[in-house]
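Enquirer: Just passing along the structure, written as structure tokens.
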Amino acid sequence: MKPAAFVFLLIASLGAFALVRLLLPPSGHEALQVKSSRQCLECHAGVASEWEASQHRKAYENPEVRKLSKDFQNEECIACHAPRPVLSFRPGERVLARQSERGLGVDCLSCHLTPSGGVASANAAAASDAPCRPQLTPRISSVDLCASCHNQHKTVEQWRAAPPELKKTGCLDCHMPTAYREGGRLGRAHEFHGGHNLAMLQAAVTLSAGRDDQGAWVELINDGCGHNFPTDERSRAADLQVRWQNADGSFGGWQHIYRFRDPYRDETDLTNTQLPAGETYRAILEAPTPEAAGEVRLLYRTNPFLPDDEAAEVDRVSLP
């Protein structure tokens, strides 16, 4: 290489290096002080879009929650619908409500802010030079983190009592499955699918019906859920219904068979009829005639008083 060409390449290389150093933040720059989840949304667009569509995001503003809590006159509900950072409490300890930005519901800081003001991550290879300085915090992916809110109605206790094949390794296996991020990085989905997601409801239980020497029967098996069905909010209800075919081929109206639900404490005339993980509910049906054809369906209600046409039809099976 000619001397002049070498000098030119050297100068160009030094110039490019200087430009990169100028554009990159200095290695010793002060960590970003995270005070609001809105700061997180600026860097984590993919996660943010998932969270924006989640029930965690809607936890405080959801009209259904507002109605059931009498617009949060029942103040004990606020703690889990707008919680302070969970990591500031002991594992499994009930959280307290925060005073600011309650409209963000269960936001980024609810799960990710550490007591020292840092940002917790489940990623062992978290980029320590990122503005928020994420740090590996194993507890963030543990059942105990979820328990601070989701064990108020004993969901985590139900999970601990579930068969091993349904428990898997914890809450995240079902509610935060793995997802690919920008650049092929592997992370966790933040939609937090649960009772508002039809596909998840359908994967939780199996509905079947048939006939034997006892007559027509229906079964519901909790064979895909690591806790009771339904669980958590006591407003959740799942109803089995049947309808019978008339002689002209038309169907009569839907008739109630059974309701699965954990009632509120003041509903003293009701008992807990949830279906535990791995267990089966079976009922013999009273057909109008021994040979009558029919249909059985399972409806899921996020509010026990929702009319049938506003409930989610999880499954429907025929009785030939």
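Coordinate-derived values only; no laboratory data. Since this is a predicted model, take the numbers as computed values, not measurements. Counting neighbours? That spans all protein chains shown, and the Cβs are built from the backbone with ideal geometry, glycine included.
Enquirer: Figure the gain on full extension for residue 254 and residue 273 (residue separation times 0.36 nm, minus the Cα-Cα span) and round it to one decimal in nm. Let's see the in-between values first.
Expert: Working: separation 19, 0.36 × 19 = 6.84 nm, distance 2.07 nm.
Stretched out fully, the residue 254 to residue 273 stretch lengthens by 4.8 nm.
Enquirer: Just in region 34-95: which trypsin sites (Lys or Arg not before Pro) are loop by DSSP and have at most 10 other Cβ atoms within 10 Å?
Expert: Working: sites: 35, 38, 57, 58, 66, 67, 70, 94; in loops: 35, 57, 58, 70, 94.
Of the trypsin sites (Lys or Arg not before Pro), the ones in loops of region 34-95 whose Cβ has at most 10 other Cβ atoms within 10 Å are 70.
Enquirer: Then there is this: With each label point set 7 Å from Cα along the Cα-Cβ vector, what nm distance links residue 213 and residue 289?
Expert: Going by the 7 Å Cα→Cβ label model, 2.5 nm.
Enquirer: Work out the length of the dipole vector of the chain about its Cα centre, built from +1 on the beta-carbon of each Lys and Arg and -1 on the beta-carbon of each Asp and Glu, and round it to the nearest 20 debye. List each step's numbers first, then the result.
Expert: Values: 34 positive and 40 negative charges, 345 e Å.
I would put it at about 1660 debye.
Enquirer: Largest first and to the nearest Å, give the Cα extent of region 37-188 along each principal axis.
Expert: 45, 39, 28
Enquirer: Taking neighbour counts of Cβ atoms within 10 Å as a proxy for exposure, in what order, fewest first, do 262, 107 appear?
Expert: Working: 262 23, 107 26.
The order, fewest Cβ neighbours first, is 262, 107.
Enquirer: Can you list the lysines whose alpha carbon is less than 20 Å from that of residue 154, not counting same-chain residues fewer than 8 positions off?
Expert: Straight-distance partners of residue 154: 167, 168.
Enquirer: Could you tell me which trypsin sites (Lys or Arg not before Pro) in region 137-209 are loop residues by DSSP with no more than 14 other beta carbons within 10 angstrom of their beta carbon? Intermediate values should be presented prior to the final figure.
Expert: Details: sites: 139, 154, 160, 167, 168, 181, 185, 188; in loops: 154, 168, 181, 185.
Here the sparse-neighbourhood loop sites are 168, 181, 185.
Enquirer: If you don't mind, another one. According to the Cα gyration tensor, what semi-axes, each the square root of 5 times an eigenvalue, does the equivalent ellipsoid of region 198-319 have, listed from largest to smallest in whole Å?
Expert: Numbers: eigenvalues 130, 50, 38 Å².
Over the Cα atoms of region 198-319, the ellipsoid semi-axes are 25, 16, 14 Å.
Enquirer: Roughly what % of Cα-Cα distances in region 136-287 sit above 28 Å, to the whole percent? Could the numbers behind the result be given before it?
Expert: On the way: 3804 of 11476 pairs.
More than 28 Å apart: 33 percent of the Cα pairs in region 136-287.
Enquirer: Next up: Would you please give the FRET efficiency between residue 70 and residue 306, computed as 1/(1 + (r/R0)^6) with r the Cβ-Cβ distance and R0 = 25 Å, to the nearest 0.05?
Expert: On the way: r = 18 Å, r/R0 = 0.71.
The formula returns an efficiency of 0.90 here.
Enquirer: Tell me, what is the percent relative contact order of the chain, built from C-alpha pairs under 8 Å that lie six or more residues apart? Before the final figure, lay out the partial values.
Expert: Details: 537 pairs, mean separation 42.2, N = 320.
It comes to 13 percent, rounded to a whole number.
Enquirer: So which GluC sites (Glu not before Pro) in region 62-114 are both in a DSSP loop and have at most 13 other Cβ atoms within 10 Å of their Cβ?
Expert: Numbers: sites: 64, 75, 76, 93, 101; in loops: 93, 101.
When the GluC sites (Glu not before Pro) of region 62-114 are filtered for loop state and at most 13 Cβ neighbours within 10 Å, 93 remain.
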